[in-house]
Amino acid sequence: MTPPRARSWGRKGVTPVVRVRGRGSGRVSMAGLTCYKPGKRSRMFYSVREYRGRKGEPKGIGWRDLRDLLIRAHIQLGGPIVLVWDNLRMHLVPPMREFIADHADWLTVFQLPSYTPDLNPQEGIWSLVKRDIGNLAAADLGQITQAVKRKLKMVQYRPEVINGCLAGTGLALDA
């Protein structure tokens, strides 16, 4: 994972520099759902996957991971889900479409227009996570994964932050 750039404090006239190795040690992939219901606490569900470059290891989040995330959310929320998501390639693969069709009794899906991250509240969550790990000088991929999971868990327990991500899109819930 290429380290994210962020601002930091340093002595006047001396730019702080964090050295990193040139070779990548893998990547951290995230998938998440922000859930809103009028009169109820906002919720967030997420999945994190490490990719270390090992043979046969998936490089990122696949359609099965998204399916499992949706099933977990459905079980924990205990009701139907109206899903609004972007045009990520994994959202549009045939097996995912089949899953959506097979579970139309509790899952309704609306696609956002092409490339509209400003309408996706989950992008606000990713921004918060990336900002938090911006100055992290991790020794290995495990430390990055741990920092990402820690920040996601913190956001999960702060529904006002999740609500703020919805407000940042300019969208509103109708009661």
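On full extension of the chain, what length is gained from I71 through W106, given 0.36 nm per residue of separation minus the C-alpha to C-alpha distance?
Values: separation 35, 0.36 × 35 = 12.60 nm, distance 1.02 nm.
My answer for the length gained is 11.6 nm.
Per-residue counts of other Cβ atoms within 10 Å, averaged by peptide: what ranking do you get for 29-35, 39-45, highest first? All intermediate terms of the calculation are to be shown ahead of the outcome.
Values: 29-35: 19.6, 39-45: 14.7.
With the highest mean Cβ count within 10 Å placed first, the list reads 29-35, 39-45.
What residue among P117, Q156, L77 has its Cα farthest toward the positive end of the dipole of the chain, where the charges are +1 on Lys, Arg and -1 on Asp, Glu, each on the Cβ?
After comparing all options, I get Q156.
Given the chain, what percent of its DSSP beta bridges are antiparallel, to the nearest 5? Could you put the intermediate results ahead of the total?
Details: 9 of 14 bridges.
Taking every DSSP beta bridge with both residues in the chain, the antiparallel ones total about 65 percent.
Once every DSSP H run of n ≥ 4 in the chain is given -39500 (n - 2.57) and the sum is divided by its residues, what mean residue ellipticity at 222 nm do you get, rounded to the nearest 500 deg cm²/dmol? Provide the component values of the computation, followed by the final result.
Values: 6 runs with 65 residues, N = 175.
The helix contribution divided over the chain gives -11000 deg cm²/dmol.
Does segment 109-175 come out rounded, prolate or oblate by the C-alpha gyration tensor, with a ≥ b ≥ c the root eigenvalues, rounded set by a/c under 1.5 and, if not, prolate when a/b is larger than b/c and oblate if not? Could you put the intermediate results ahead of the total?
Values: a/c = 2.78, a/b = 1.89, b/c = 1.47.
Here segment 109-175 falls in the prolate category.
Dipole magnitude of segment 18-155 about its Cα centre, charges +1 at Lys/Arg Cβ and -1 at Asp/Glu Cβ only, in debye to the nearest 20? Present the calculation step by step, with values, prior to reporting the outcome.
Numbers: 24 positive and 12 negative charges, 148 e Å.
Charge dipole, segment 18-155, about its Cα centre: 700 debye, nearest 20.
When the Karplus curve 6.51 cos²θ - 1.76 cosθ + 1.60 is applied with θ = phi - 60°, which whole-Hz ³J(HN,Hα) does each residue of segment 125-137 get, with x for Gly and Pro?
Values, residue by residue: 5, 4, 4, 4, 5, 5, 5, 5, 9, x, 9, 6, 9 Hz.
Could you pull the Rg and Dmax for segment 100-147, using just the Cα atoms, both in Å?
For segment 100-147, the Cα radius of gyration and maximum Cα-Cα distance read 16.8, 47 Å.
Ratio of segment 29-175's C-alpha Rg to 2.2 N^0.38 Å, to two decimals?
Values: Rg = 15.8 Å, N = 147, 2.2 N^0.38 = 14.7 Å.
Ratio of Cα Rg to 2.2 N^0.38 Å: 1.08.
Quick check: Cα centre of segment 31-79 to Cα centre of segment 134-175, how many Å?
14
Accessible area of D140, 1.4 Å probe, to the nearest 10 Å²?
Accessible area of D140: about 80 Å².
Given a cut-off of 27 Å, name the pairs among K55/K153; K37/K153; K59/K130; K40/K153; K55/K149; K59/K149 whose C-alpha atoms lie farther apart than that in the structure shown. Provide the component values of the computation, followed by the final result.
Details: K55/K153 30 Å; K37/K153 20 Å; K59/K130 20 Å; K40/K153 19 Å; K55/K149 25 Å; K59/K149 18 Å.
Violating the 27 Å limit, Cα to Cα: K55/K153.
In whole Hz, what ³J(HN,Hα) sequence does segment 100-112 give by Karplus (6.51, -1.76, 1.60; θ = phi - 60°), x for Gly and Pro?
Those phi angles translate into 5, 5, 5, 10, 5, 5, 10, 10, 10, 10, 10, 8, 6 Hz.
Under 5 Å between amide H atoms, partner at least 5 residues away or on a different chain: which partners does M44 have, H built in plane at 1.01 Å?
Counting only residues 5 or more places away or on other chains, the set is C35.
The values are calculated or read from the model by the stated rules, or taken from the named source; none is laboratory data. In this text the structure is predicted, and so the values were computed from the model without any measurement. Every residue, glycine among them, receives a Cβ derived from its backbone with ideal geometry; neighbour counts consider all protein chains shown. Side chains included, ligands, DNA and RNA excluded: accessible areas come from the protein's heavy atoms. Shrake-Rupley method; radii C 1.70, N 1.55, O 1.52, S 1.80 Å.
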